[in-house]
Amino acid sequence: MRDDLIALGNRSGEVVMVGGAEEIAGVHRVPSDRALRAELGGTASSLNLRIARAWLAQRDDGVLWDAHADRRWTKWCHSVRREERYDRIPVDDAAIVEAIKQLIALDQSLSATRALRMFRDSGMACEQKRFGRLFRAVKVGMS
């Protein structure tokens, strides 16, 4: 993709990239910043999309990029940034399954998303896809 971005940068016209690993001549870059996730919501994997939406929402003059917009964006980012640090304990599948059973026993209509939030809030660590797989297995086993 780097070659395509370089080619775009060599053309005249506005080109804005959200995220990216490096600056490319002719391409204005809005860096990705995970510390914006709390402000913009959602998951880290879709953060660049929400950054792009926020960037575009601040454009009210039809201009995709200018130095003033860049300064205003940077100032906004610094005002809302919040580093997220998690000191959760990794656990094995058996412990996760047991926790899911206990959560479902409290609320049989509990969704996997809500159960994962409760699980993580208790200080335990688990990746979303893994938790979802285990949650579905427990629900099927309880049916």
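Could you pull out the residue among 87, 61 that is part of a loop (DSSP other than H, G, I, E, B), open to solvent by 50 Å² or more (accessible area, probe 1.4 Å), in contact with a Gly (Cβ under 9 Å, 6 or more places away or on another chain) and of a type in the set (Asp, Glu)?
One residue alone meets the criteria, 87.
Go through the residues of the range 128-139 one by one and say whether even a single one is farther than 19 Å from residue 42 by Cα and in a loop (DSSP other than H, G, I, E, B).
Restricting attention to the range 128-139, the residues satisfying the condition of being farther than 19 Å from residue 42 by Cα are 133-139.
From the residues that got through so far, the ones that are in a loop (DSSP other than H, G, I, E, B) too are none.
No, the range 128-139 contains no residue that is farther than 19 Å from residue 42 by Cα and in a loop (DSSP other than H, G, I, E, B).
Looking only at the range 70-94, count every residue that is touching a residue at least 12 places away in the same chain (Cβ under 8 Å) and more than 17 Å from residue 117 (Cβ to Cβ) and tell me the total.
Qualifying residue count for the region: 11.
Within the group 12, 45, 32, which residue is open to solvent by 90 Å² or more (accessible area, probe 1.4 Å), within 29 Å of residue 119 (Cβ to Cβ) and not aliphatic (A, V, I, L, M)? Spell out how you get there, then give the answer.
On the way: 12 fails: within 29 Å of residue 119 (Cβ to Cβ); 32 fails: open to solvent by 90 Å² or more (accessible area, probe 1.4 Å).
Among 12, 45, 32, only 45 is open to solvent by 90 Å² or more (accessible area, probe 1.4 Å), within 29 Å of residue 119 (Cβ to Cβ) and not aliphatic (A, V, I, L, M).
Can you name the residue in the range 64-84 that is of a type in the set (Asp, Glu) and closer than 16 Å to residue 32 by Cα and, of all such residues, is surrounded by the most Cβ atoms within 10 Å (Cβ to Cβ)? Full working, then the answer.
Here is the first cut: in the range 64-84, the residues of a type in the set (Asp, Glu) are 66, 70, 83-84.
Now drop any that are not closer than 16 Å to residue 32 by Cα, which leaves 70, 83-84.
Values: 70: 15, 83: 8, 84: 9.
Checking each candidate, the answer is 70.
Return the residue satisfying two criteria in turn: it lies in the range 48-58 and is closer than 24 Å to residue 85 by Cβ and among the hydrophobic types (A, V, I, L, M, F, W, C), and of such residues it is surrounded by the fewest Cβ atoms within 10 Å (Cβ to Cβ). Spell out the reasoning first.
Step one: filter the range 48-58 for residues closer than 24 Å to residue 85 by Cβ, giving 48-51, 54.
Remaining after also requiring among the hydrophobic types (A, V, I, L, M, F, W, C): 49, 51, 54.
Details: 49: 13, 51: 21, 54: 18.
By that ranking, first place goes to 49.
If I filter the range 15-29 down to residues being surrounded by 14 or more Cβ atoms within 10 Å (Cβ to Cβ) and among the aliphatic types (A, V, I, L, M), which single residue comes out as nearest to residue 53 (Cα to Cα)? First the steps, then the outcome.
Step one: list which residues in the range 15-29 are surrounded by 14 or more Cβ atoms within 10 Å (Cβ to Cβ), which gives 15-20, 24, 26-29.
Going one step further and asking which of them are among the aliphatic types (A, V, I, L, M), we end up with 15-18, 24, 27.
On the way: 15: 15, 16: 12, 17: 12, 18: 10, 24: 21, 27: 18 Å.
The qualifying residue nearest to residue 53 (Cα to Cα) is 18.
The values are calculated or read from the model by the stated rules, or taken from the named source; none is laboratory data. Being a predicted model, the structure only gives us computed values, none of them experimental. No Cβ is skipped: glycine too gets one built from the backbone with ideal geometry, and neighbour counts run over all protein chains shown. For the accessible areas, the whole protein counts, side chains as well, though only heavy atoms, and no ligand, DNA or RNA atoms are used. Shrake-Rupley method; radii C 1.70, N 1.55, O 1.52, S 1.80 Å.
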